[in-house]
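The values are calculated or read from the model by the stated rules, or taken from the named source; none is laboratory data. Everything numeric in this text was worked out from a predicted model, so none of it was measured. Note that we place each Cβ from the backbone using ideal geometry, even for glycine, and neighbour counts take in every protein chain shown.
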Amino acid sequence: MARDEQRNQQQMNEALDHSLSDEEMATLHARIAASDETAEQWDHLRQTDELLRTTPMAEAPVGFTDRVMAMIATMPLPGFAKKNPSVGIALGLLVAGLFTIPVFSVALLIILSVITNPGAILTFATALFHAAGYIISLITDIIGQIESRATGTPVLIALVTTMIPVTLLWGWVLWNLVGGARGLSRRSKS
Amino acid sequence: MSQENDVLWVQQTLAGDPQAFGELVQRYERDVFNLTYRMLNNRGEAEDAAQEAFLRAYSNLDRYDQNRSFKTWLLSIASNHCIDRIRRRRLTWLSLEEPLPPHPALTSDIPGPEEATLSNEKSMLVQELLDELPADYRMAVVLRYWYDYSYAEIADMLDTTESAIKSRLFRARQALAKELEAKPVSSLNPAMEGS
């Protein structure tokens, strides 16, 4: 009995969604006609459905769009608006060009040299080794110079260790005071 | 054509023209407001929620998949925001520290000219009935009846299964029919009576 009622209700629900076949619809109508209780349930469901279907949309208050746009104008720029694709693409191409052109040129020269003279690869490796040695000795010299200056003048260490964080902190404060990148771009526009 | 225009306005906004977003707000203000109003049953709160939905959509516009409907995306943002608000509202009610919020019927909703339609008996009756439903049932009813979305679309918007939506709508209809049964006959539209 309870299962029949459950099945009736499910079918009524499907009927409201217009998802019953003609045959199923006819069976449902026969069941509705056979029982006052089912007929009453069907009436209430249909009334509910009709009420919901015929209730119009609520209109937005007057000036709603203007208020939303005014709020958007005061919002920090979203991530996508901060990006400048044309500048980004130009910089990307420049960096790619700066790195790839010399690399490809050197690679091409090596290939050509190897093809024409197999001994050239040894010469190139030797030159590379010398260059690396020169860079390492240069860095060692610089570190040595800094070390001797630092031990000669202890104030220098104190200055470096305090001035750098203080400068960074002031830079960060000033950056926020002008409103970051957005503030700078506004100032440059005005 | 409508979807093409939407995508065009989205692209213009993404390219740095916020005024293009204004076109989208204008086009969908009624859809979004109707959803928040039907869910929250308070015009003031509904306006706040609708504004918030548009602001969230603007902030996350780069996440919008331009192959899908902008309206559906926007309404799913509004739906989730309404459900969050209802949850928060419930938490406030449960908190002994907070004073109880006034009943929606008692809040200062000064009727404006555009509210003439809303204040009619039928619309009020619908709001009364919807207010009795749990939030997830109410959302299924609103998306089905006012936006004509299919079960699959509603399931997608609310991040659940089609069968869950079917079940929610079935139970919601049963509950609404019971509620309606208890209402006086005069509260029904005469055109509907005896249909």
Worksheet item: What number of residues within region B:127-138 are of a type outside the set (D, E, K, R), touching a residue at least 60 places away in the same chain (Cβ under 8 Å) and closer than 21 Å to residue B:167 by Cα?
Response: 2
Worksheet entry | Those residues of region B:55-66 which are outside any helix (DSSP H, G or I) and either touching a residue at least 40 places away in the same chain (Cβ under 8 Å) or facing another protein chain (nearest Cβ under 7 Å) (or both), in sequence order | B:64, B:66
Worksheet entry | Tabulated pairs, region B:159-179, first in a loop (DSSP other than H, G, I, E, B), second surrounded by 14 or more Cβ atoms within 10 Å (Cβ to Cβ), C-beta under 7 angstrom, 6+ apart or interchain | B:161/B:155
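Can you say whether residue B:38 is buried (at least 17 other Cβ atoms within 10 Å of the Cβ), over 20 Å from residue B:144 (Cα atoms) and touching a helix residue (DSSP H, G or I) at 6+ places or on another chain (Cβ under 8 Å), as far as the supplied structure shows?
So residue B:38 fails the test.
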Fill in: Sole residue being surrounded by 10 or more Cβ atoms within 10 Å (Cβ to Cβ), touching a Phe, Trp or Tyr at 6+ places or on another chain (Cβ under 9 Å) and at pLDDT below 80, chosen from A:110, A:121, A:89
A:110
Discussion item. Among (1) part of a loop (DSSP other than H, G, I, E, B); (2) more than 10 Å from chain B (Cβ to nearest Cβ), there is one condition residue A:108 misses while meeting the rest; what is its number?
Written reply: (1)
Worksheet item: Does region A:51-72 hold any residues that are assigned to a loop (DSSP other than H, G, I, E, B), facing chain B (nearest Cβ under 7 Å) and surrounded by fewer than 19 Cβ atoms within 10 Å (Cβ to Cβ), and which are they?
Response: A:56, A:57, A:61, A:62
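Could you tell me which residue of region B:16-35 is surrounded by the fewest Cβ atoms within 10 Å (Cβ to Cβ), considering only residues that are of a type in the set (A, V, I, L, M) and more than 8 Å from chain A (Cβ to nearest Cβ)?
This residue is B:20.
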Worksheet item: Before we move on, is residue B:163 more than 21 Å from residue A:37 (Cα to Cα), at pLDDT 90 or above, among the hydroxyl-bearing types (Ser, Thr, Tyr) and exposed (fewer than 14 other Cβ atoms within 10 Å of the Cβ)?
Response: yes
Practice prompt. Within region B:128-184, track down each residue that is hydroxyl-bearing (Ser, Thr, Tyr) and within 22 Å of residue B:41 (Cβ to Cβ).
Written response: B:137, B:145, B:147, B:149
Worksheet item: Can you spot a residue in region B:67-74 that is buried (at least 17 other Cβ atoms within 10 Å of the Cβ), within 14 Å of another protein chain (Cβ to nearest Cβ) and at pLDDT 90 or above?
Response: yes
